[in-house]
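Down below is the structure, laid out as structure tokens.
The values are calculated or read from the model by the stated rules, or taken from the named source; none is laboratory data. Note that the coordinates shown come from a computational prediction; the quantities given were computed from them, not determined experimentally. Note: ideal-geometry Cβ built from the backbone for every residue, glycine included; neighbour counts use all protein chains shown.
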Amino acid sequence: MDRNEIQLMKKGELHVHLNGLVSTDVIRNLLVDEKSEIPIGFDLESDLTISHPADSLSSYLKPWQVLRLIPKSKNCLKIIVESAFLNLKSQNIAFVEIRNSILYLALLNNISVDEALFWVVSEVEDASERHKIDAGLILTVSRGDYAPEHLRALLGAYTKLGSPSTIVGLDLAGNEDIPSPTETGSLFLHAKDKHGLKVTIHAGETGEIENIISAVNEFGADRIGHGTAASKSVEVMELLRDRDICVEVCPISNRLTNAVNERESHPVIDFIDHEVPFVICSDNPSIHSSSLTEDYIEFFRETHALQYLHEMYSNQKKYSFIKDWNGN
């Protein structure tokens, strides 16, 4: 199977961050146009992309030193979302679930959380309709002391806007070594029960198997983001298999963050052997100078499991949080 054949495959994307999907040229232009104050030592030509495995997750996240500086207006957000959807279209992606942390947008623009959420929902809905790509929005909460407060703020805005159907899920992300208050998990569960929102948790990306178990048992995770550590435990893989919890596998990202180092095979091989459900995703393709097609190619290079590529679109539809979507 060659690159063109893979690129032409109809695809779904279940784990991608908005700011990591926007073309880096667009990011540079917006930063210059808005006269953003670039951190000392940050090179806009070289530091917006990660092309080699990072020393740590924190060094991998260096591009976010400037990504968090935009958008500073609704028009700027429109440009960002348009770039993201053009990149999705180029990969023949039929449906997408985009992750975004709404709170930084509210702070950056000095607007309320519900207004910031309205901005993102309206721009995603508009781009979805114009480009004929079904889209859902996943609201991301960062780990830490303020996780419950931030989740409450997001859910309050969601309710105030009339529970828009474009919002399909919640995500917990950030440094896995930073604990969150014990009530965080129960708040995620409550959101599932009250609002019908699905839950995906970044867990096991940095080797912490316990975070995967917690995501399942305390947060009610429907999917696990990355989950590379699961391969270290047959019991955890069986837990995911038996509860039909899908792992969002991001092959290129996992190498670049060093979640999977160059000396070891990718855990997706163990997922296949133990029948753990998974989908292939791209995470931050523009930051990787890459695409979902490249992740498919990397997956095939690692596994030679052509059958799974042919079945991938069906699996992406099966585990998608989007309801009543129009794709075939």
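Points to keep in mind about this one:
- Residue among ARG301, ARG241 that is of a type outside the set (A, V, I, L, M) and either farther than 24 Å from LEU88 by Cα or touching a residue at least 40 places away in the same chain (Cβ under 8 Å) (or both): ARG241
- From the list ARG130, ARG143, the one residue that fits, being over 17 Å from THR184 (Cα atoms), out of contact with any strand residue (DSSP E or B) (no Cβ under 6 Å at 6 or more places or on another chain) and either basic (Lys, Arg) or modelled with pLDDT under 95 (or both), is ARG130.
- Selection count, the stretch 158-179, where residues are surrounded by 22 or more Cβ atoms within 10 Å (Cβ to Cβ) and assigned to a helix (DSSP H, G or I): 1
- Close contacts from the stretch 270-283, counting a first residue that is in a helix (DSSP H, G or I) and a second that is of a type in the set (Phe, Trp, Tyr), with Cβ to Cβ under 9 Å and a gap of 6+ residues or different chains, come to PHE271/PHE278; ILE272/PHE278; ILE272/TYR308.
- Yes/no for SER58 being assigned to a helix (DSSP H, G or I), at negative phi and modelled with pLDDT under 95: yes
- Selection status of ILE245, in contact with a Lys or Arg (Cβ under 7 Å, 6 or more places away or on another chain), within 20 Å of ILE212 (Cβ to Cβ) and not charged (D, E, K, R): yes
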